[in-house]
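Undergrad: One structure, pasted below without further comment.
The values are calculated or read from the model by the stated rules, or taken from the named source; none is laboratory data. Remember, it's a predicted structure, so these values are computed and weren't measured experimentally. All Cβ positions, glycine included, derive from the backbone under ideal geometry; neighbour counts span all protein chains shown.
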Amino acid sequence: MERHTRQRQALIDALTHSGHALSPPEILARAQAAVPSLNLSTVYRQLKALHDARKIVRVDLPGQPARFEALCHEAQAAKRGHHHHYFHCSDCDRVYPIHACPGRMAHLAPPGFEVQRHDLTLHGRCAGCATGH
């Protein structure tokens, strides 16, 4: 049985209220508002447990450290098969979920190849960085 602790809830709250994927140090900084004694090793342990229990999503972008995000409402409802894509801001380095998918991409693969899944990341400047806020 999964143990629900103040530390775990602080991480879940930090991820749920962020609006974008967070690195472990960012999660720590946000979660310490609720649990000041929280440390980075506990954050990593809790993230592993939450990820293994499929309560959060690991976001991996090439050349970037892993980030994590809360399950979106669509993923919670669908349980399986849901995925979404990301926007990576080149100025502030934040990663935002894009809740849309261009659909099947088999037509992009060479003849005879079978597409099993795809990942899409848009890169540019987020609204805040583009307007200077």
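Undergrad: Considering (1) of a type in the set (Gly, Ala, Ser); (2) modelled with pLDDT of 90 or more; (3) in a loop (DSSP other than H, G, I, E, B), say which one Gly63 fails and leave the rest.
TA: Among (1) of a type in the set (Gly, Ala, Ser); (2) modelled with pLDDT of 90 or more; (3) in a loop (DSSP other than H, G, I, E, B), the lone unmet condition for Gly63 is (2).
Undergrad: Moving to a separate point now. Quick one: which of Ala33, Ala10 is among the hydrophobic types (A, V, I, L, M, F, W, C), surrounded by 12 or more Cβ atoms within 10 Å (Cβ to Cβ) and at pLDDT 90 or above? Talk me through it step by step, then tell me what you get.
TA: On the way: Ala33 fails: surrounded by 12 or more Cβ atoms within 10 Å (Cβ to Cβ).
Going through Ala33, Ala10 in turn, the sole match is Ala10.
Undergrad: Considering every residue within the range 115-122, establish whether at least one is under 19 Å from Leu15 (Cα atoms) and out of contact with any Cys (no Cβ under 7 Å at 6 or more places or on another chain). Give the steps one after another, and end with the answer.
TA: Start the filter on the range 115-122 by keeping residues that are under 19 Å from Leu15 (Cα atoms), which leaves none.
So far as the range 115-122 goes, no, none of its residues is under 19 Å from Leu15 (Cα atoms) and out of contact with any Cys (no Cβ under 7 Å at 6 or more places or on another chain).
Undergrad: Return a yes/no flag: does the range 78-91 have any residue that is within 25 Å of Ala10 (Cβ to Cβ) and either part of a helix (DSSP H, G or I) or among the β-branched types (Val, Ile, Thr) (or both).
TA: No, the range 78-91 has no match at all.
Undergrad: Could I ask something else about it? Only one residue in Gly81, Gly124, Gly103, Gly128 is of a type outside the set (A, V, I, L, M, F, W, C), loosely packed, with under 12 Cβ neighbours inside 10 Å, modelled with pLDDT of 85 or more and out of contact with any Gly (no Cβ under 7 Å at 6 or more places or on another chain), so which one is that?
TA: Result of the check over Gly81, Gly124, Gly103, Gly128: Gly124.
Undergrad: Condition (residue is of a type in the set (A, V, I, L, M), outside any loop (DSSP other than H, G, I, E, B) and surrounded by 13 or more Cβ atoms within 10 Å (Cβ to Cβ)) applied to the range 108-119: is it met by at least one residue?
TA: Step one: of the range 108-119, the residues of a type in the set (A, V, I, L, M) are 108-109, 115.
Checking the rest, the ones that are also outside any loop (DSSP other than H, G, I, E, B) come to 108.
Among the residues that remain, those that are also surrounded by 13 or more Cβ atoms within 10 Å (Cβ to Cβ) are: none.
For the range 108-119, residues of a type in the set (A, V, I, L, M), outside any loop (DSSP other than H, G, I, E, B) and surrounded by 13 or more Cβ atoms within 10 Å (Cβ to Cβ): absent.
Undergrad: Would you call Leu47 outside any loop (DSSP other than H, G, I, E, B), touching a Phe, Trp or Tyr at 6+ places or on another chain (Cβ under 9 Å) and at pLDDT below 95?
TA: no
Undergrad: For Cys129, which of the numbered conditions (1) more than 14 Å from the chain's Cα centre (by Cα); (2) without any contact (Cβ under 8 Å) to a residue 40 or more places away in the chain; (3) farther than 20 Å from Gln9 by Cα fails to hold?
TA: Cys129 satisfies every listed condition except (2).
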